[in-house]
1. Quick one: which of PHE124, PHE148 is modelled with pLDDT of 90 or more, assigned to a strand (DSSP E or B), surrounded by 13 or more Cβ atoms within 10 Å (Cβ to Cβ) and not small (Gly, Ala, Ser)?
2. Can you tell me which condition TYR87 does not meet? The list is (1) more than 21 Å from ILE219 (Cα to Cα); (2) hydroxyl-bearing (Ser, Thr, Tyr); (3) at pLDDT below 95, and all the others hold.
3. Go through (1) assigned to a strand (DSSP E or B); (2) buried (at least 22 other Cβ atoms within 10 Å of the Cβ); (3) hydroxyl-bearing (Ser, Thr, Tyr) for SER138 and report which single condition fails.
4. Given (1) at pLDDT below 95; (2) surrounded by fewer than 22 Cβ atoms within 10 Å (Cβ to Cβ); (3) assigned to a loop (DSSP other than H, G, I, E, B); (4) among the aliphatic types (A, V, I, L, M), where does LEU261 come up short, assuming only one miss?
5. Take the residues of the stretch 181-192 that are over 17 Å from ALA118 (Cβ atoms) and surrounded by fewer than 20 Cβ atoms within 10 Å (Cβ to Cβ): which is nearest to the chain's Cα centre (by Cα)?
6. Looking at ALA118, ALA73, ALA45, ALA103 in this structure, which one is more than 15 Å from the chain's Cα centre (by Cα) and among the small types (Gly, Ala, Ser)?
7. Taking interchain pairs and intrachain pairs at least six residues apart, which have beta carbon atoms under 8 angstrom, with the first residue in the stretch 101-117 and more than 12 Å from TYR87 (Cα to Cα) and in a loop (DSSP other than H, G, I, E, B) and the second modelled with pLDDT of 95 or more and hydroxyl-bearing (Ser, Thr, Tyr)?
Amino acid sequence: MRYRRCRSPYSTIIVTYNSENEIGGLLEELTIGRNPQPVIVVDNASRDGTVLLIQQRFPQVHLVENKVDMGYAWAVNQAFRLCRSEYFFLLNPDIRLPDRSVASSLLDVIQHHPEVAAVAPLQFKSTDQKLYLNFTWSYWTPKAFALFLSSLLKLRPPEDDPIPVTYLNAGCLFIRSKAFREVGMFNEKYFLYGEEPDLFLKFKRAGYISLLLPDTYVIHLRESSMKSLASSEYMKAKLQGSANILDAIMTGWFNILRDTLMTK
């Protein structure tokens, strides 16, 4: 299927890898209803029925089939090059949207704040039919951490206004295409993990801010694709991912510090 370069305000990008058990539910949420936004799925050489499921049940989705797994960052950039929209909605296949207003809420905030590169909702995990707030990169600032503690202790949230944060989680992100292109997109040297802190430190270095929205949320099943790996592959991926994260943080903050010193 050829991707139609329409003038929709945003396109949705999803990267799949052995996501047969998750992707159907998300695509149903995204493609049902009037005038759904364009959806691009890049499959990174899945070994299960992911591709066949999308082809049979969601022919309106633009599906890109990679014969080799080139990594998450590479696949997102690949999909982004097909987009012609002002923003894009980046989702993991194991995200669930409580309603269609999630994207509208994120779009409304980023449209009214030109200095914002990305916005994201809260991410909850579901256990025993109860929701628990996932601890992510976003809570590494005082206001955001206070929000996490209030959720953990079942207290009233300290505020509903968007919270500026250094990092956001790529499981569910609304990104300004201009900003993403300006900072060089995701760093493809990071096969998995590391691309998030690298991106948001590049946004910070370029003068953009990122916002966490306390009044909007999604459900994130977390690492469903990773669980399809053998235990040895899983441990190898996690160890390499930890090294990627450390490298991204050290490099990003070094560049910011260098820029600061050079302007003095």
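1. Answer to the check: PHE124.
2. That leaves (3) as the condition not met.
3. Just one mismatch for SER138, condition (1).
4. Only one criterion is unmet by LEU261, namely (3).
5. It comes out as LEU192.
6. ALA45
7. Taking only residues 6 or more apart or on different chains, the pairs are GLU115/TYR208.
Per-residue answers, yes or no, for (1) free of Cβ contacts under 8 Å to residues at least 60 places away in the same chain; (2) surrounded by fewer than 16 Cβ atoms within 10 Å (Cβ to Cβ):
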{"site": "GLN55", "(1), (2)": "yes, yes"}
{"site": "PRO59", "(1), (2)": "yes, yes"}
{"site": "ASP69", "(1), (2)": "yes, no"}
{"site": "ALA73", "(1), (2)": "no, no"}
{"site": "VAL76", "(1), (2)": "no, no"}
{"site": "TYR87", "(1), (2)": "no, no"}
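The values are calculated or read from the model by the stated rules, or taken from the named source; none is laboratory data. Here the structure is a predicted model, which is why all the values come from computation and not from measurement. Note that each Cβ is placed from the backbone with ideal geometry, even for glycine, and that neighbours are counted across all protein chains shown.
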